[in-house]
Amino acid sequence: MEQPIRVLIAKPGLDGHDRGAKVVAAAMRDAGMEVIYGGLHQTPEIIAEMAVQEDVDAVGLSILSGAHMTLFPEVKKLLDAAGADHVLLTGGGIIPPDDIDALQAKGVGRLFGPGSTLVELVEYVQAEVGRRRAAAGSA
Amino acid sequence: MTALDKTKEAELVARVKAGEEVACARMMTWAERGDPRFAVAYDAFHADLGRARRLGITGPPGAGKSTLVERLALHWRGLDRTVGIVAVDPTSPFTGGALLGDRVRMGELSLDKGVFIRSMATRGVFGGLARATDDIADVLDLNGRDMVVVETVGVGQSEVDVAKSSDLTLVVLHPGGGDTIQAMKAGLMEVADIYVVNKADRPGVDRLVQQLTDILDVRDIPLQDRPPILTTVATEGTGIVELAGQIDASLAEREADGRLAGRRGENLRRRIRRIVDGRLRQDVWELAGLSERLDQGTAGLESGTGASVSAYGLAEEILSDYRERRHGETQA
């Protein structure tokens, strides 16, 4: 049987605009995923801890504060250190294209800016998690 | 890829026992997915289970269960006890998706290594818990947690499975949650070992306590066996020390008079029955390929072209097919 994708949606840092995170969480739920909603104002440490305990396939961060160059690499580093390097780290927010390239070079997945559709990001997570699960199964 | 996927059962068991979080989380995933490796691992560790105290917390949506669990956990951490929490939320029957939001109310526990929280979706199971909830509570026990709390989905009246998998069941109610008749209906009100009236700073708390007392009067339970009724304001931490004290006292009492052992034995028997039920169902529908039989038997009904089908008749045909095939297999 196909196992539901488990994904953690959280907002690190201080900005309080959680509408985006909530809309994305609802879209992923409606696409048949199990969404652990982590809420506002989380530190990278708390986000990594939640991801580990919940054994999620993916973590989606919503960052609108401009602190993405600090927060994404920090969460990635903590996930790797905790033995959860298989987890897809993705997200969205106000992130310039150059920064997206730099973050992806550090192992972060696709990042979604304004104008992205919900279908796009749901399909990306499904495809990427499917690919990673298949790779793990054949390993 | 992570080494976890290639880990052998015995090694993962050892890592869970050693307290490793990522191993603990993966063992839970095996259980939840029905991975055959979980059953192998379980055989290796079941004799080590039973040390943790298991608490079930249930009640209607919005009663404050998650907040209460957070407060109890903080209290236990103050006593240097480690805590495991399984928080169950419903799966959508339409999309199969779920939004698991209990962690949002447990923010203060997030960075404490002494607390392990796992969210679960019900995945089509009714009764307030998920299929693998007991398994995941077992993994927390194996992981060395002193107190293991299972928080059910927000329940109505008859989702009372939690009582069959815990040492002690708390039913959390709140003023404004409905009149006495709601509470007198079967189910929820029969499983409480302790009643908690939360949100006790709201109007109507005295009346709710009085109504609960009246219900217990009507049920004619001997005075010493009556579930105690405690009031709390979880958001402010009011009444938590008293509640935790009552939990310890109730557990100690049940351990001393043998009720705890009896209940655990009964829960285990129910669980084995449930596993057999589940395997049989899977056997009938998947292994013997009888889903196709059902589809064939009802073909044409949706388009209005098929002949009328007797529900009992087709069910009996499917079952007799199944029995024949099984019989053939045992002969071979």
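The values are calculated or read from the model by the stated rules, or taken from the named source; none is laboratory data. All of these numbers come straight from a predicted model, not from anything done at the bench. No Cβ is skipped: glycine too gets one built from the backbone with ideal geometry, and neighbour counts run over all protein chains shown. Surface accessibility is based on the protein's heavy atoms, side chains included, excluding ligands, DNA and RNA. Shrake-Rupley method; radii C 1.70, N 1.55, O 1.52, S 1.80 Å.
Tabulated data for the structure shown
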quantity	calculated
Number of the condition not met by A:Val24 [criteria: (1) assigned to a loop (DSSP other than H, G, I, E, B); (2) under 11 Å from the mean Cα position of the chain (by Cα); (3) within 14 Å of another protein chain (Cβ to nearest Cβ)]	(1)
Among the residues listed as B:Gly56, B:Gly78, the single one being at negative phi, surrounded by fewer than 21 Cβ atoms within 10 Å (Cβ to Cβ) and assigned by TED's automatic domain parsing to the domain that holds B:Val191	B:Gly78
Hey, A:Glu45 part of a helix (DSSP H, G or I), within 18 Å of B:Met28 (Cα to Cα) and open to solvent by 10 Å² or more (accessible area, probe 1.4 Å) or not	no
Strands (runs of 3 or more DSSP E) contained in region B:43-141 and holding at least 1 residues within 14 Å of chain A (Cβ to nearest Cβ) and under 24 Å from B:Asn267 (Cβ atoms)	B:83-89, B:115-121
Top-ranked residue in region B:1-20 [being closer than 25 Å to B:Asp167 by Cα and in a helix (DSSP H, G or I); ranked as most open to solvent (accessible area, probe 1.4 Å)]	B:Lys17
Test: residue in region B:196-203 that is over 27 Å from B:Arg105 (Cα atoms), open to solvent by 50 Å² or more (accessible area, probe 1.4 Å) and of a type outside the set (Ser, Thr, Tyr)	no
Tally of residues being touching a residue at least 12 places away in the same chain (Cβ under 8 Å) and at the interface with another protein chain (Cβ under 10 Å from one of its Cβ atoms) across region B:31-40	2
Out of B:Ala41, B:Ala98, sole residue that is closer than 28 Å to B:Ile275 by Cα and not assigned by TED's automatic domain parsing to the domain that holds B:Val241	B:Ala41
Test: residue in region B:123-130 that is under 22 Å from A:Leu40 (Cβ atoms) and either modelled with pLDDT of 95 or more or out of contact with any strand residue (DSSP E or B) (no Cβ under 9 Å at 6 or more places or on another chain) (or both)	no
Of the criteria (1) touching a residue at least 24 places away in the same chain (Cβ under 8 Å); (2) surrounded by fewer than 17 Cβ atoms within 10 Å (Cβ to Cβ), which one B:Asp43 fails	(1)
Residue ID - farthest from the other protein chains (Cβ to nearest Cβ), chosen from residues in region A:7-21 that are in contact (Cβ under 8 Å) with a residue 12 or more places away in the chain and in a helix (DSSP H, G or I)	A:Gly20
Condition met for A:Val35 (outside any helix (DSSP H, G or I) and within 14 Å of chain B (Cβ to nearest Cβ))	yes
